[in-house]
Amino acid sequence: MTRKLHIKTYGCQMNVYDSARMADVLAPLGYVAAETADDADMVILNTCHIREKAAEKVFSELGRLRALQNRKARRGGRMILAVAGCVAQAEGAEILARAPHVDIVLGPQTYHRLPEMVAAATRAAGGVLDTEFPAEAKFDFLPEASATRSAAALLTIQEGCDKFCTFCVVPYTRGAEFSRPAADVIAEARRLIGHGAREITLLGQNVNAYHGAAPDGGDWGLAQLIRALADLPGLERIRYMTSHPRDMDAALIAVHRDVAALMPLLHLPVQSGSDRMLAAMNRGHTVADYRRTVEALRQARADLAFSSDFIVGYPGESEADFQATLDLMQGVGFAQAYSFKYSPRPGTPAASEPDQVPEPIKSERLARLQELLQSQQRAFNLSLVGSVQRVLLERPGRHPGQLAGRSPFLQPVHAWLDAGLVGAIVPLRIVGVEPNSLAGEALVEAAERISA
Ligand code: SAM
Ligand code: SF4
């Protein structure tokens, strides 16, 4: 009997990966993916706790789902409702208290136990809660990844964080740092390539702190892992995220010089351009360290472009501190970046700092920072007009006859191309810049196709 499973994913790429793995775990029970929650037999909200807004969304969505659940019950069916991810980890008991119609609450480390939880929820009257950090590693118990048909695949290689930045919930919700053995990562990469992946993004909350057991004993860092993956036939592109500036060592910088498959966009969050703020945040590096790292990376690969995360309005941030962030941004020049107003998270040290920055000042600083970021992003995009970029075509575009893909710099690119080219890497001339994408044009009718 098949059952409809709808998973709604919030937050980071690691949650996207986890959602796919939850679907894999439930497939043997007959659950197949459904586009919407309407009439689904099971709905999972895979949540994010990183900022207050992200966490709030979960409770409003739970309210909406209650109506669907009741409608299904009136028709004699049952919709099992599960909350997974970091909100579940941090606020499990509160979810069951505030939303008693939730059947299952599970933290990120217990996804492999989902079938047992579904069985228990089917029997039980109350909600099932599992937010342990179990002794067994969940990756050892998850089934082999199912047939992803995507040309660009995600692969989690590291989880958790021991760095305890003062603003961040990740060490509490995802737990201690853990790296998967290199042989497991390579085996999963081979399977993904077998299912059509041309590009793999290696994921981790602190991916460049990776130190997995090596196939030949000892440990491998991320640099060695990337070199091994680059040798796999059929894998054309490798990316990794998210990195910490502190873990950007010489071996990893050298990989950017040596491995052509490693794509030339690096997401390297700096958060602030003020040493005073970086120290208060417990980031463990200075602005000068960050600039030196960027310089060394550019020496290693001249076309490397940078992306970052910024937080404005961290407790105690003065106008001068904020100005220092704009200065750093000017100095480095970012191809893209994510920027956030500081959001106090319960239980983190920064949340109880007395000198919180007023909301209007945060908003005003965020607007100024985003204006500069947008101008840098636009300048970077314009600099590619006229150039030829190898674009990995991932799916049909918004208009019939159009395909959409990504440039080496991760920019979305769309072009009028034959639908048969999905999954191919095709050289396209960049002919225009739109607000959120680039327009590409085929060089020749028979564009180069990299066959599966
Ligand atoms: N591990 C990565 C690093 O060290 O840069 C970041 C992981 S975190 C999931 C993604 C981003 O969310 C952070 O880089 C930071 O900019 C932002 N973030 C985390 N906690 C935040 C908070 N309390 N308020 C605002 N932004 C936050
Ligand atoms: Fe959070 Fe990243 Fe800091 Fe870890 S290193 S505490 S994940 S911001």
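The values are calculated or read from the model by the stated rules, or taken from the named source; none is laboratory data. Remember, predicted model here, so these are calculated numbers, not experimental data. Cβ atoms come from the backbone with ideal geometry, glycine included; neighbour counts cover every protein chain shown.
Numerical summary
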| item | result |
| --- | --- |
| Qualifying residue in region 157-180 (condition: surrounded by fewer than 22 Cβ atoms within 10 Å (Cβ to Cβ) and away from ligand 1 (no atom under 16 Å from the Cβ)) | yes |
| Complete set of residues in region 360-378 that are touching a strand residue (DSSP E or B) at 6+ places or on another chain (Cβ under 9 Å), over 16 Å from E319 (Cβ atoms) and not aliphatic (A, V, I, L, M) | Q370, Q376, Q377, R378 |
| Close pairs (7 angstrom Cβ cut-off, 6 or more residues apart or separate chains): among the acidic types (D, E) in region 313-338, in a helix (DSSP H, G or I) anywhere | E317/M277; D321/R276; D321/M277 |
| Whichever residue in region 262-277 is part of a loop (DSSP other than H, G, I, E, B) and either within 12 Å of ligand 1 (Cβ to nearest atom) or within 20 Å of the chain's Cα centre (by Cα) (or both) and, among such residues, is nearest to A351 (Cα to Cα) | S272 |
| Wholly enclosed strands (runs of 3 or more DSSP E) of region 21-134 bearing at least 1 residues in contact with a His (Cβ under 9 Å, 6 or more places away or on another chain) and more than 30 Å from V312 (Cβ to Cβ) | 31-33, 42-47, 80-84 |
| So A135, is it modelled with pLDDT of 95 or more and more than 16 Å from ligand 1 (Cβ to nearest atom) | no |
| Condition met for Q374 (surrounded by fewer than 18 Cβ atoms within 10 Å (Cβ to Cβ), of a type outside the set (D, E, K, R) and assigned to a loop (DSSP other than H, G, I, E, B)) | no |
| Tabulated pairs, region 278-300, first under 20 Å from Y314 (Cβ atoms) and within 15 Å of ligand 1 (Cβ to nearest atom), second hydrophobic (A, V, I, L, M, F, W, C) and not in a helix (DSSP H, G or I), C-beta under 7 angstrom, 6+ apart or interchain | M281/C165; M281/F167; N282/F164; N282/C165; R283/C165; Y290/V270 |
| Flag if A367 is away from ligand 2 (no atom under 16 Å from the Cβ), assigned to a helix (DSSP H, G or I) and in contact with a helix residue (DSSP H, G or I) (Cβ under 8 Å, 6 or more places away or on another chain) | no |
| Options M263, M281: the member that is under 30 Å from D327 (Cα atoms) and either at pLDDT below 95 or within 16 Å of ligand 2 (Cβ to nearest atom) (or both) | M281 |
| Hey, G313 over 23 Å from the mean Cα position of the chain (by Cα) and surrounded by fewer than 20 Cβ atoms within 10 Å (Cβ to Cβ) or not | no |
| Index of the failed condition, A55 passing every other in (1) out of contact with any Ser or Thr (no Cβ under 9 Å at 6 or more places or on another chain); (2) buried (at least 21 other Cβ atoms within 10 Å of the Cβ); (3) at pLDDT below 95; (4) hydrophobic (A, V, I, L, M, F, W, C) | (1) |
| Matching residues in region 275-290 - criterion: being basic (K, R) and crowded, with 17+ Cβ neighbours inside 10 Å | R283 |
| Sole residue being touching a Pro at 6+ places or on another chain (Cβ under 6 Å) and of a type in the set (D, E), chosen from D355, D418 | D355 |
| Matching option when the condition is more than 16 Å from G204 (Cβ to Cβ) and of a type in the set (S, T, N, Q), among Q89, Q158 | Q89 |
| Any chance F133 is of a type outside the set (S, T, Y), closer than 20 Å to Q205 by Cβ and surrounded by fewer than 18 Cβ atoms within 10 Å (Cβ to Cβ) | yes |
| Any hit, region 196-218, residues being hydroxyl-bearing (S, T, Y), within 13 Å of ligand 1 (Cβ to nearest atom), more than 23 Å from Q411 (Cβ to Cβ) and touching a strand residue (DSSP E or B) at 6+ places or on another chain (Cβ under 8 Å) | yes |
| Residue match in region 401-415 (condition: modelled with pLDDT under 95 and out of contact with any strand residue (DSSP E or B) (no Cβ under 7 Å at 6 or more places or on another chain)) | no |
